[in-house]
Amino acid sequence: MRVIVDFEKCCGAGQCVMLAPRVFDQRDDGIVILLDEAPPEEQHAAVREAATVCPGAAIRLDESA
Ligand code: SF4
């Protein structure tokens with residue numbers, strides 16, 4: 001899995017950080033920081049959920065990677 005974040009779409013809501021704190025962090029202004037663009041298997045379910053709930057639809061997943 002490869003994680004792609006569109007920082008322009010991120011509205012800083014932070015759901016991704018709560019769901020997958022090993023993969024996402026936030027800057028002081030709330031905008032997401034991608035910590036791991038190729039997360040290990042055990043993180044995949046949390047990352048998928050983060051992508052689903054992200055209010056800005058800013059998280060895209062390439063499942064072929
Ligand atoms: S859930 Fe989406 S909008 Fe919220 S901080 Fe994460 S990437 Fe940004």
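We did not get these values from a lab; they are worked out from the coordinates using the rules stated. Just so it is clear, the model here is predicted, and its values are computed rather than measured.
How far, in degrees from 0 to 90, does helix 44-53 lean away from the longest principal axis of the Cα atoms of the chain, to the nearest 10?
Long axis of 44-53 versus the principal axis of the chain: about 40 degrees.
No solvent, one uniform scatterer per C-alpha: report log10 I(q)/I(0) for the chain via the Debye equation at q = 0.21 1/Å, two decimals.
Cα-only, vacuum Debye calculation for the chain: -0.72.
What length, rounded to one decimal in nm, is gained on full extension from residue 33 through to residue 45, with 0.36 nm per residue of separation minus their alpha-carbon distance?
2.4 nm
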